[in-house]
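Below: the structure, in structure tokens.
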């Protein structure tokens, strides 16, 4: 299990963690603390696409830029119009969005259009969906419990 998580992160397994995730199959045995430490450091320092996308979406200016790009391709100048900031500041926002894979920048003669690339948003939606299911199931259980309490109150003839 540990080796699988490590392989997914880096494609490599540290020495001491076997191919099947069992300790002691390598030259040097790693104890559980070293395994946890390795995974913690590796997972906290890796740059995954979900984290990049969420970081890019954290800024309201970048979300507004994406909303404008959802209407079609725009130049940097057109994207900067509604904001009270310099073109270099808008360009920095665009670089963050581009790094996250949320936009692409093209080149058509003198015009350099920016276009929305919504594929990373699907990954965010899938991730959020897991939590939506959790909350839906939690609310369903709460609803069942409240109905059970109401049935008991009716049975016992309690006053409201």
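Quick note: the coordinates plus some simple rules give every number you see, no bench work behind them. Treat the numbers as computed from the prediction; the structure is a model and nothing was measured. Note that each Cβ is placed from the backbone with ideal geometry, even for glycine, and that neighbours are counted across all protein chains shown.
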- Among 94-106, 128-140, 55-67, 74-86, the order from most to least packed when residues are scored by Cβ within 10 Å on average: 94-106, 55-67, 74-86, 128-140
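By its C-alpha gyration tensor, with a ≥ b ≥ c as the square roots of the eigenvalues, how is segment 30-160 shaped: rounded for a/c under 1.5, else prolate for a/b larger than b/c, else oblate? Spell out each step's value before the answer.
Values: a/c = 3.69, a/b = 1.74, b/c = 2.12.
The shape class here is oblate.
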- Message: For segment 50-116, what does the relative contact order come out to in percent, with C-alpha contacts under 8 Å and a separation of six or more?
- Response: 39
